[in-house]
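These notes are about the structure you will find just below.
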Amino acid sequence: MTQMPKIDPEQCNLCGLCIEVCKCGAIIIVQDKVTVIETEECHWCTICEAVCPTGALTCPFEIILEES
Amino acid sequence: MQMVIDSTVLSQFPYFSGLAAADLEIVRQSFFEKTVRRGEMIFMEGEPAESLYFLNSGVVKLFKTSAQGKEQIISLARPHEVLNDISVFDNGPSPVGAQAMTAVIIDGIKKDRLDAVLRQFPQVGARVIQGFAARTRQLIELVEDLSFRHVIGRVVKILLEHAGDGTGPGERLTQQEMAAMAGTAREVVARSLKALEERGLIRLDRHRIVIVDKRALQEAAEEAA
């Protein structure tokens with residue numbers, strides 16, 4: 001499963017900025033809710049997180065040690 | 001057809017908040033408004049400014065381009081922020097380029113009209129000075145962060161503390177959370193991560209920060225302290 005940015009629907013105010021800035025089309029509106037769809041086109045640029053005015057959309061990083 | 005700005009919107013721009021309604025109406029006559037399509041450039045880095053622009057709606061990327069063509073985002077402008085006051089007030093070339101990241105509406109005033117407004121309403125000039133003072137303070141703090149490398153050291157410590165121990169993934173942190181922990185801005189964390197990647201200490205693999213050389217990273221934290 002491809003890891004994708006996370007959306008908290010309770011914090012989302014449907015401003016739509018994330019959809020406008022997303023270059024890979026991973027963010028859409030489904031039944032009046034902002035939804036992130038799984039796509040390998042998402043390169044984790046995190047600009048959607050940067051523009052979100054409410055902090056509803058986040059791009060958490062997983063920090064791991066490289067296997068030797 | 002040139003669009004006309006609303007005076008309610010004008011009162012939300014930092015230079016003009018606090019002006020009486022009658023004064024706002026006078027200032028409003030000097031403004032023009034235009035729409036910009038997503039992806040379109042509003043002005044280029046290095047261009048002189050003919051008008052002062054405020055962002056009415058949408059998101060604008062302010063960025064620099066290196067000699068090698070690499071783009072560095074300086075900031076993302078939000079509604080009601082001014083886009084190009086530096087080159088308007090010092091008559092120099094724009095230090096950044098501005099590109100619409102969404103459909104954008106900008107409100108502008110030509111420099112000669114702005115001069116007339118400043119003469120007629122000195123309180124606007126005071127607001128301009130306050131705005132520059134606040135921004136200068138922020139820049140000094142940013143320079144301190146970047147120059148003394150305290151932030152890179154703090155970011156490294158955060159990575160080491162939150163990395164998985166090799167048997168499984170560690171905690172997940174957003175850049176905003178790392179910034180809050182490091183006592184800095186999100187953009188500084190992003191640049192710190194890029195700098196660490198360029199040094200070969202970590203690798204940014206989409207949603208993963210991979211610590212490539214833990215010992216070297218620990219040394220980097222110590223040298224930055």
Margin query: Condition (residue is more than 29 Å from B:ASP213 (Cα to Cα) and in contact with a strand residue (DSSP E or B) (Cβ under 7 Å, 6 or more places away or on another chain)) applied to the stretch A:19-26: is it met by at least one residue?
Written below: yes
Next item on the list: Scan (1) within 23 Å of B:GLU47 (Cβ to Cβ); (2) at pLDDT 95 or above; (3) exposed (fewer than 13 other Cβ atoms within 10 Å of the Cβ) for the single condition B:LEU139 breaks and write down its number.
Entry: (2)
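Please enumerate the residues belonging to the stretch B:1-55 that are within 14 Å of chain A (Cβ to nearest Cβ), at negative phi and not charged (D, E, K, R).
The initial filter retains those residues of the stretch B:1-55 that are within 14 Å of chain A (Cβ to nearest Cβ), namely B:35-40, B:55.
Then drop every residue that is not at negative phi, which leaves B:35-38, B:40, B:55.
If the condition is that a residue be within 14 Å of chain A (Cβ to nearest Cβ), at negative phi and not charged (D, E, K, R), then B:THR35, B:VAL36, B:LEU55 are the ones that fit.
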Notebook entry, point to check: Which residue out of B:ALA190, B:ALA134, B:ALA116 is facing chain A (nearest Cβ under 9 Å), at pLDDT 90 or above and outside any strand (DSSP E or B)?
Noted result: B:ALA190
Notebook entry, point to check: Tell me, which strands (runs of 3 or more DSSP E) wholly within the stretch B:1-72 include 2 or more residues that are surrounded by 12 or more Cβ atoms within 10 Å (Cβ to Cβ) and among the polar types (S, T, N, Q)?
Noted result: B:51-57
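The values are calculated or read from the model by the stated rules, or taken from the named source; none is laboratory data. For clarity, every value in this text was computed on a predicted model and none was experimentally measured. FYI the Cβ positions are ideal-geometry reconstructions off the backbone, even for glycines, and counts take in every protein chain you see.
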